Each structure stands twice: as C-alpha cells, then as structure tokens.
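A.B. asks: Structure provided below as structure tokens; questions to follow.
Read-outs throughout are calculated quantities, based only on the coordinates presented, and are distinct from any laboratory measurement. Keep in mind it's a predicted model, so treat the numbers as computed, not measured. Note that each Cβ is placed from the backbone with ideal geometry, even for glycine, and that neighbours are counted across all protein chains shown.
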Amino acid sequence: MSINIRLIEKQDNSKVANMIRGVFDEYEAIKEGTVYTDPTTDKLFEFFHTPNSVLYVAEMDGEIHGCCGVYPTIGLPEGCVELVKFYVSSEIRGKGFGRQLFKKCEVAAINFGYDQLYIESMDDFREAVTMYEKMGFITLDKAMGSSGHFGCDIWMLKNLNNS
C-alpha cells in the first residue's frame, strides 16, 4: 500500500470534505456543531492560506484517505496552535498513516514557532482520543480558543518541547 502525504491542493476540496464526512457517517457521530457542518470544510484549500497553518492529505490511487493540519485558532494562548481536520478513512486506518500525518503536522507546528498543540474531539471518536493520549496529549477540563465546534466535548493539549 503506497500513500502519498502532501499539501492540500484546490482540486482536493470536495474529496477531502467527502472523506471527512464519511468518517462521521461511519461512526454515526454527531454532526451539528462539528467540522461536518462547518462551511469551511468545503473550502479547506482556501481556509489553510492563513499564515502559520497547513493541511496535509494522504492520497492513494488519486483518492484522499486522510488529512491533518494545524491552524492558529482565534483565542488560543500565545504559542499554541490547534491540530485540526485529523481524519483517516477506514481503508487506511490502523496502518500508521495517521501517525505519519500527525508527525508532519507536529514538525510544521514547531517550525512555525508553536510550543503547544491543542485538539478537540468527542466521545464518538474514542479510538482517536486513545491515540492522542498515546501521542502525549493530556485531557483538559474545558475548551480553549474559539473553534465554534460546540459539538466537541473532549479537549486535549500537548507540549511540543517534550516531543
């Protein structure tokens, strides 16, 4: 299985949005107040033109099977960036490609000058939350920043200087 991990391109917008929503459908996850209904999900190439942000995609045979990025969400403390749009399709899940996407984002965050990664999730994605814990994230009592994703009820933080 050969996966190409690369930066998002404009022509990827609909493929990435469909893959993300497919993961939500697969897990029968709540949709309201999440990336599923967020209008930026359909224009991620444009969304990630924000300075100090990046979105990587995992492509196999012309299809998008994963994505992960970092984004300077409004309201986060100085030196903190949000790990966002971290989704991997069932076709490649459990084969280490999610970890590869994460590592690229971790390096990008450090290169942008951040020293903390923040992520939001929900109990519907418990397997992913367990993975975040293994990658060094700790659970927080409340949300940080203003992502607008009120459907998320798990908030986590990782110090990058310990990576």
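A.B. asks: Identify, from the list 96, 113, 136, 75, the residue that is at positive phi, surrounded by 15 or more Cβ atoms within 10 Å (Cβ to Cβ) and more than 15 Å from the chain's Cα centre (by Cα).
C.D. replies: Checking each option against the conditions leaves just 136.
A.B. asks: Would you pick out the residues in region 143-156 that are farther than 16 Å from residue 81 by Cα and in contact with a Phe, Trp or Tyr (Cβ under 9 Å, 6 or more places away or on another chain)?
C.D. replies: Taking region 143-156 first, the residues farther than 16 Å from residue 81 by Cα are 150-154.
Answer for region 143-156, where residues must be farther than 16 Å from residue 81 by Cα and in contact with a Phe, Trp or Tyr (Cβ under 9 Å, 6 or more places away or on another chain): 151, 154.
A.B. asks: Could you list, in sequence order, all residues of region 14-54 that are part of a loop (DSSP other than H, G, I, E, B) and either closer than 19 Å to residue 128 by Cα or among the charged types (D, E, K, R) (or both)? Lay out the reasoning, then the answer.
C.D. replies: Let us first name the residues in region 14-54 that are part of a loop (DSSP other than H, G, I, E, B), namely 28-38, 48-53.
Listed by number, the residues that qualify are 28, 29, 30, 31, 32, 33, 34, 35, 36, 38.
A.B. asks: Looking for something under 30 Å from residue 61 (Cβ atoms) and aliphatic (A, V, I, L, M) - is there at least one such residue anywhere in region 147-157?
C.D. replies: To start, the set of residues in region 147-157 that are under 30 Å from residue 61 (Cβ atoms) comprises none.
No, region 147-157 has no match at all.
A.B. asks: Ok, one more. Looking at region 55-75, which of its residues are in contact with a strand residue (DSSP E or B) (Cβ under 6 Å, 6 or more places away or on another chain) and farther than 13 Å from residue 15 by Cβ? Walk me through it before giving the result.
C.D. replies: So in region 55-75, the residues in contact with a strand residue (DSSP E or B) (Cβ under 6 Å, 6 or more places away or on another chain) come out as 55-59, 64-73.
Passing the criteria: 56, 68, 69, 70, 71, 72, 73.
A.B. asks: Same structure, new question: I'm trying to understand the selection: among the residues of region 28-72, which are surrounded by fewer than 16 Cβ atoms within 10 Å (Cβ to Cβ) and on the phi > 0 side of the Ramachandran plot?
C.D. replies: 28, 52, 61, 62
A.B. asks: Can you name every residue in region 116-130 that is more than 15 Å from residue 85 (Cα to Cα) and either under 13 Å from the mean Cα position of the chain (by Cα) or not acidic (Asp, Glu) (or both)?
C.D. replies: 116, 126, 130
A.B. asks: Looking at (1) closer than 23 Å to residue 96 by Cα; (2) of a type in the set (Asp, Glu); (3) surrounded by fewer than 16 Cβ atoms within 10 Å (Cβ to Cβ); (4) in contact (Cβ under 8 Å) with a residue 12 or more places away in the chain, which is the only condition residue 25 fails?
C.D. replies: The number of the failed condition is (4).
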